[in-house]
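Novice: Quick one: the structure is below, and I'll ask about it shortly.
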Amino acid sequence: MRVQRKSVSERIFNIIGYIILTIMAIIAVIPFVMIISSSVTAEHTILKYGYSLIPKEFSTQAYEKIFGFPDDVLRAYWVTLRNTFIGSIIGLFTTAMTAYVLSRTYFAWRHKFSFFFYFTTLFSGGIVPWYILCVRYLHLKDMPMIAQVAPYLISVFNMLVIKSFMQSIPDSITEAAKIDGAGEFRIFRQLMLPLSKPVLASIALFIAIGYWNDWYLSFMFVDDAAHYSLQFYLYKILNAAEALARISSLSGYHVGEMPKENIKMAMAVIATGPIILLYPFLQKYFVKGLTIGAVKG
Amino acid sequence: MEQRKRKGFFKKVLEYRQLLLMLLPGVLFFTIFSYLPMVGIGIAFQRFTFDGGLFHSPWVGLDNFKFMFLSGDIWNVTKNTLFYNVLFILVNNFIEILCAIILAEITNKHFKKITQSMMFLPYFISWVVVGAFAYNVLNYESGSFNTLMKALSLQPFDFYNSPKIWILIIVMVCAWKNIGYGTIIYLSAVMGIDGAMYEAASIDGANIFQRIRHITLPCLVPTIVILILLSMGSIFRGDFSMFFQVTGNNAMLYSTTDVIDTFVTRSLISTSEFGMTAAAGLYQSVLCFVIIMIFNTLVKRYNKDYSLF
């Protein structure tokens with residue numbers, strides 16, 4: 001790129017570079033190949049030979065078992081979709097609205113409020129007071145829908161990224177609207193939100209991924225299996241015999257002969273599937289969001 | 001005087017009423033989920049009962065802290081947390097900088113794009129699924145590692161009975177999941193370096209290694225300092241999901257894999273020792289706060305632009 005003719009040192013660098021990156025890239029994706037392959041391997045070959053990179057005997061038995069009685073999986077999918085959808089919309093909107101106010105240079109208290117938000121990243125009361133507040137005083141255990149969304153709504157980091165982007169939008173645009181008599185909320189909604197689309201798209205995706213991958217809030221606050229999020233349901237399948245036993249009893253297997261190992265891996269594939277499928281299309285937004293954040297430092 | 005100042009305050013509130021109203025959801029959120037728990041720090045000085053709550057539980061002074069430090073576990077988990085984080089910072093930053101520099105120099109666009117995408121993918125996977133990966137590779141009966149060992153007619157290895165090896169496993173898993181993210185940040189810093197410097201260096205006859213050593217690396221110092229400073233703030237925090245899911249919360253492995261966060265959460269859920277657990281959490285928060293303050297001040301003294309605040 002920078003020099004036309006390649007010198008010896010550049011050739012050496014290139015060879016080493018290609019080798020290192022190839023190895024890193026293969027290491028990054030190999031576990032995905034392994035669980036997909038294990039999920040389509042017949043149970044008895046897993047028990048006999050163990051998991052391997054290429055299925056010794058192909059079988060879709062695990063998926064048939066799971067989708068033969070799909071109620072549990074579909075319910076968990078629904079819970080996670082709901083959390084992701086509601087959380088991303090409310091979270092993005094409130095984060096952006098807060099960021100908008102902090103980005104106004106004529107707002108004399110912006111530094112005080114910025115400190116109010118930033119301080120929470122430096123010091124926290126710890127998880128015990130947080131848990132007791134959520135359970136004993138906010139009664140989140142009785143409200144699984146709210147419990148799995150509310151605690152993650154706003155992150156200070158996202159707020160700062162959006163704020164620095166909004167600061168880079170020239171004041172002249174909003175000033176004109178102000179002279180025309182537009183209120184702050186209207187300027188935010190009709191001018192700043194559309195203008196901030198690039199950064200909002202990536203932040204929205206990061207928020208959505210956070211909710212999609214969350215198992216912790218279910219782990220802390222949800223006792224009723226009907227409200228388990230997808231990842232927590234997967235966790236139960238991987239770790240608790242009873243969830244597996246439920247699948248196999250529904251599908252008419254005796255406990256002794258029930259398929260376990262490939263069902264575990266098939267569930268992992270099902271829980272990750274949408275992310276892998278959407279990843280190629282969304283990846284550029286993630287990268288953009290990161291580099292916007294990195295410019296700010 | 002006081003009167004006038006007060007009047008000014010109310011006038012400001014009136015002037016800012018729209019902005020303040022828009023701030024309200026954010027302020028409420030952090031008041032509820034961050035500042036109210038800070039009030040709850042009181043629990044660390046109480047013999048807290050769930051029925052009594054914060055207002056009717058007996059106060060016990062520093063007993064919880066005494067009990068915590070005397071019972072001994074806290075030293076080991078603190079040491080583990082610190083040890084892992086130092087390893088993470090060193091290993092991850094090294095790999096990320098290496099990959100970013102290579103990516104910046106390599107000319108084949110497709111290769112660049114594909115490897116970068118592949119390396120970034122693990123970042124988007126939940127820790128539960130990573131736990132499934134770990135189980136797939138490591139479990140004794142059917143793990144693919146032991147499948148391979150058997151195929152080579154070697155002895156199978158019982159990972160879940162060998163706490164020491166988990167230091168290596170966890171460092172590898174953490175790098176595997178996070179380097180894609182860090183590489184992109186470092187790459188954008190490398191791409192931001194002025195190309196004229198490289199041209200001048202080439203004309204002067206510098207080879208690629210000299211250019212990296214004398215231009216790229218020095219130009220990356222601000223990014224490195226800021227990223228390391230950011231990780232310093234959580235050097236006494238362990239990623240609960242990672243340690244919990246990757247080890248499968250296996251008690252055999254606590255000696256080398258238990259960190260403050262797993263220790264606290266486990267005690268919170270499985271015991272009713274709220275006071276002692278809150279004390280451990282407060283101890284962690286104070287450690288983190290002190291560390292970030294010290295390092296931020298040091299960095300600020302060295303170069304103001306590199307500090308966080």
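Novice: At 222 nm, what value in deg cm²/dmol follows for the protein assembly as shown if DSSP H runs of at least 4 each add -39500 (n - 2.57) and the sum is divided by all its residues, to the nearest 500?
Specialist: Calculated from helices alone, the mean residue ellipticity at 222 nm is -22000 deg cm²/dmol.
Novice: Expressed in nm to one decimal, what extension gain is obtained for the pair B:HIS110 and B:LYS7 from 0.36 nm per residue of sequence separation less their Cα-Cα distance?
Specialist: Here the segment from B:HIS110 to B:LYS7 would lengthen by 30.7 nm.
Novice: Something else about it: Shielding by partners for B:209-221, please: the mean number of other protein chain Cβ atoms within 10 Å of each residue's Cβ.
Specialist: Counting Cβ atoms of other protein chains within 10 Å of each residue's Cβ and averaging gives 1.
Novice: Using the alpha-carbon centroid of each, what span in Å lies between region A:16-79 and region A:193-217?
Specialist: 28
Novice: Tell me the relative contact order for chain B as a rounded percent, counting alpha carbon contacts under 8 Å between residues six or more apart.
Specialist: 26
Novice: Turning to a different aspect of this structure: Is the shape of chain A best called rounded, prolate or oblate, per the rule: a/c under 1.5 gives rounded, else a/b larger than b/c gives prolate, else oblate, with a ≥ b ≥ c the square roots of the Cα gyration tensor eigenvalues?
Specialist: It is oblate, given that a/c is not under 1.5 and a/b is not larger than b/c.
Novice: Calculate the mean, over all residues of peptide B:131-142, of how many other protein chain Cβ atoms lie within 10 angstrom of the residue's Cβ.
Specialist: 6
Novice: Now, a different point. Within 10 Å of each residue's Cβ, count the other Cβ atoms and sort A:HIS139, B:HIS110, A:HIS44 from fewest upward.
Specialist: Going from least to most buried by this count: B:HIS110, A:HIS139, A:HIS44.
Novice: Using the 10 angstrom Cβ neighbour count as an exposure proxy, how do A:SER114, A:SER202 rank, fewest first?
Specialist: Sorted ascending by nearby Cβ count, the order is A:SER114, A:SER202.
Novice: Right, next: Amide H of B:GLN46 versus every other amide H placed in the peptide plane: which residues, excluding those fewer than 5 positions away on the same chain, fall under 5 Å?
Specialist: B:VAL60
Novice: Given an 8 Å cut-off on Cα distances and at least 6 residues of separation, report the relative contact order of region B:82-260 as a percent.
Specialist: Worked out over region B:82-260, it gives 35 percent.
Novice: Nearest 0.05, what FRET efficiency do A:ILE54 and A:SER9 give at R0 = 60 Å with Cβ-Cβ as r?
Specialist: 0.90
Novice: Which of rounded, prolate, oblate describes region B:82-260, given a ≥ b ≥ c as roots of the alpha-carbon gyration tensor eigenvalues and a/c under 1.5 marking rounded, otherwise prolate only if a/b is larger than b/c?
Specialist: prolate
Novice: Find the relative contact order for chain A and round it to a whole percent, using C-alpha pairs within less than 8 Å whose residues are 6+ positions apart.
Specialist: Relative contact order here is 28 percent.
Novice: Report the gain in length on full extension from B:HIS214 to B:LYS164: 0.36 nm times residue separation, minus Cα-Cα distance, nm rounded to one decimal.
Specialist: Stretched out fully, the B:HIS214 to B:LYS164 stretch lengthens by 14.1 nm.
Novice: Same structure, new question: Any of B:LYS7/B:LYS300; A:LYS197/A:LYS264; A:LYS6/B:LYS113; A:LYS284/B:LYS177; A:LYS236/A:LYS284; A:LYS48/A:LYS236 with alpha carbons more than 30 Å apart? Name them for me.
Specialist: Over 30 Å apart, Cα to Cα: B:LYS7/B:LYS300; A:LYS197/A:LYS264; A:LYS236/A:LYS284.
Novice: Take every residue in peptide A:11-21, count the Cβ atoms of other chains within 10 Å of its Cβ, and give the average of those counts.
Specialist: Mean shielding count: 5.
Novice: Find how many whole Å separate the alpha carbon centroid of region B:36-90 from the alpha carbon centroid of region A:122-137.
Specialist: Centre-to-centre distance over Cα atoms comes out at 12 Å.
Novice: Right, here's the next one. Assign unit charges at the C-beta atoms only (+1 for Lys and Arg, -1 for Asp and Glu), then state the dipole size of region B:82-260 relative to its Cα centre in Debye, rounded to the nearest 20.
Specialist: My answer is approximately 180 debye.
Novice: Further, regarding this structure: Taking the Cα centre of the protein assembly as shown as origin and charging only Cβ (+1 Lys, Arg; -1 Asp, Glu), how large is the dipole, in debye to the nearest 20?
Specialist: So the magnitude is around 1900 debye.
Novice: Please arrange A:THR272, B:THR256 by counting, for each residue, the other beta carbons lying within 10 Å of its beta carbon, fewest first.
Specialist: Exposure proxy ranking, most exposed first: B:THR256, A:THR272.
Novice: Still on this structure: Taking the Cα centre of region B:82-260 as the origin and placing charges on Cβ (Lys, Arg +1; Asp, Glu -1), which of B:MET191, B:VAL130, B:GLY143 is farthest toward the positive end of the dipole?
Specialist: My answer, from the dipole projection, is B:GLY143.
Novice: Between B:LEU90 and B:ILE203, what is the label-point separation in nm under the 7 Å Cα-to-beta-carbon projection?
Specialist: Result for the modelled spin labels: 4.2 nm.
Values quoted throughout were computed directly from the atomic coordinates according to the rules given, and no laboratory measurement underlies them. Given the structure is predicted, the values throughout are model-derived calculations rather than measurements. Every residue, glycine among them, receives a Cβ derived from its backbone with ideal geometry; neighbour counts consider all protein chains shown.
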